Amino acid sequence: MTKLLIALLFTTVAFSQSKQDVKEAKERRDKYLFTVEANPKKFNATVTFDYVHDELVIPVTIKGKTYNFLFDTGAVTIVSPELAAELGLKPVTSNEVIDAAGIKTQEQIYMIENLAVSGVTFSKVSCASMPFDSFSTALCRKIDGLFGTNIMRLGNWKIDYNSHSIDFSAGKIKPGFDYDTVAFEHNFSDSPIVMLIAGGIRFPALIDSGNNRFIDVPDTLYRQSRLPKTALSRRSQGRASFSLSGNKNQEERAVLTDSLYFGDVLLLKQRIRVSPSPQILIGNRFLKQFGKILISWDKSRIYIPKQKVPIEKEYDFGFTPFIENGKMVVVEIWEGSEAQNKGMSINDVIIRVNDLDVSEMTPETWCEFVSQSKDAQSATLEILKPDGSKMSLQLERFELLKP
């Protein structure tokens, strides 16, 4: 499945900046980002979400119309250019932002007068505007925006991955389970930053519910740790990871570590993804192992159940496809996989999957393919190579990292 790494943060203040630069950056943030107000102020509500390919999609109402927003603890609020135009939004300022791939850009900042979730209205919501076309395609539904931390910071949020619901309140929320706590710091955009320990190294990581993976760490940190010598791993090559700035060819590595500390909580057999991106992100596939989590912005604590569910195993056919120029193109290959061993290569075009003709890809055809392949244990593929030749492959789904 295509990997979606969504984070968009006002850039943190650099150590090289003067005290005046720091002061001005904070003043601009407080004036434009931290302006959100809630009505009622003492809100207490629940919103259900669709859990789609390990992303949380919630309904957000603006001017009487409902839109699909990703619930993203690792980003400020964002709307698509189409929605910004539909709402007639005008820029109020600009600011440097950084996405999940570590790419910095100068973006215009807009202000939404009101948006509502489950009867709670949030006003004066500042937002950036960036396209969601790749995310809409991957998730098989139109994504209109991100519901970000400049709103979440007003309360406490309990995510139930089992019932697909989020309780949110300006007051106290009881966890409802025996819990461990993980302390977090607030970054410049007020997203939660926790400490992890893996491979003998302690490092900060962003809680990012817009990320549909486990834990993402940069390859520089991985090489500094003991993980290359002690952890099971497998490499891939390709461009299957999408951030808001797009995707690019890069080497990645799936890693299974014997243990990892989440704050002071010891967890066994955890999965890590290594890439060139400088960002360290904790995604939904890690968080959902707890079943429920409570993020308390006022107490700077994350509450997780003491009773843990073993983290899910990861299965794959050895490659990742995606739509490019109306074709289903192989955009990632796992080293040592059956797909690689049988001759599949990056940029091969898949023209048939079992009985489904995918030679001309549309969003509808893509979604039909995703639906059919979700639980499939085997697949017969017909492939068009760059030189015009064709080949057929029979592939079996396998455990990507098997101890």
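General observations
- Summed over the range 184-194, the residues that are part of a strand (DSSP E or B) and in contact with a strand residue (DSSP E or B) (Cβ under 6 Å, 6 or more places away or on another chain) give a count of 4.
- Inside the range 261-288, residues that are closer than 15 Å to PRO310 by Cα and either polar (S, T, N, Q) or assigned to a helix (DSSP H, G or I) (or both) make up a count of 6.
- Selection within the range 35-54 - of a type in the set (Phe, Trp, Tyr) and not in a loop (DSSP other than H, G, I, E, B): TYR51
- Just one residue in the set GLU382, GLU335 is within 27 Å of the chain's Cα centre (by Cα) and acidic (Asp, Glu); that residue is GLU335.
- Residue in the range 223-237 that is within 28 Å of VAL52 (Cβ to Cβ), crowded, with 21+ Cβ neighbours inside 10 Å and hydrophobic (A, V, I, L, M, F, W, C) present: no
Residues are listed down the side, and each one gets a yes or a no for (1) surrounded by 13 or more Cβ atoms within 10 Å (Cβ to Cβ); (2) in a strand (DSSP E or B); (3) among the β-branched types (Val, Ile, Thr); (4) free of Cβ contacts under 8 Å to residues at least 12 places away in the same chain:
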site: MET361; (1), (2), (3), (4): yes, no, no, no
site: TRP366; (1), (2), (3), (4): yes, no, no, no
site: GLN372; (1), (2), (3), (4): yes, no, no, no
site: LEU381; (1), (2), (3), (4): yes, yes, no, no
site: GLY388; (1), (2), (3), (4): no, no, no, yes
site: LEU393; (1), (2), (3), (4): yes, yes, no, no
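Results for (1) aromatic (Phe, Trp, Tyr); (2) surrounded by fewer than 22 Cβ atoms within 10 Å (Cβ to Cβ); (3) under 29 Å from ILE280 (Cβ atoms), shown as yes or no for each residue.
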{"site": "GLY64", "(1), (2), (3)": "no, yes, no"}
{"site": "LEU87", "(1), (2), (3)": "no, yes, no"}
{"site": "GLN106", "(1), (2), (3)": "no, yes, yes"}
{"site": "LEU115", "(1), (2), (3)": "no, no, no"}
{"site": "SER123", "(1), (2), (3)": "no, yes, no"}
{"site": "CYS127", "(1), (2), (3)": "no, no, yes"}
{"site": "ALA138", "(1), (2), (3)": "no, no, yes"}
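- Counting the residues of the range 204-228 that are closer than 11 Å to LEU260 by Cβ and part of a strand (DSSP E or B) gives 3.
Rule-based calculations on the coordinates, nothing more; no lab input. Quick caveat: nothing in here was measured; it's all calculated off a predicted structure. Here Cβ is always computed from backbone atoms with ideal geometry, including for glycine, and neighbour counts include all displayed protein chains.
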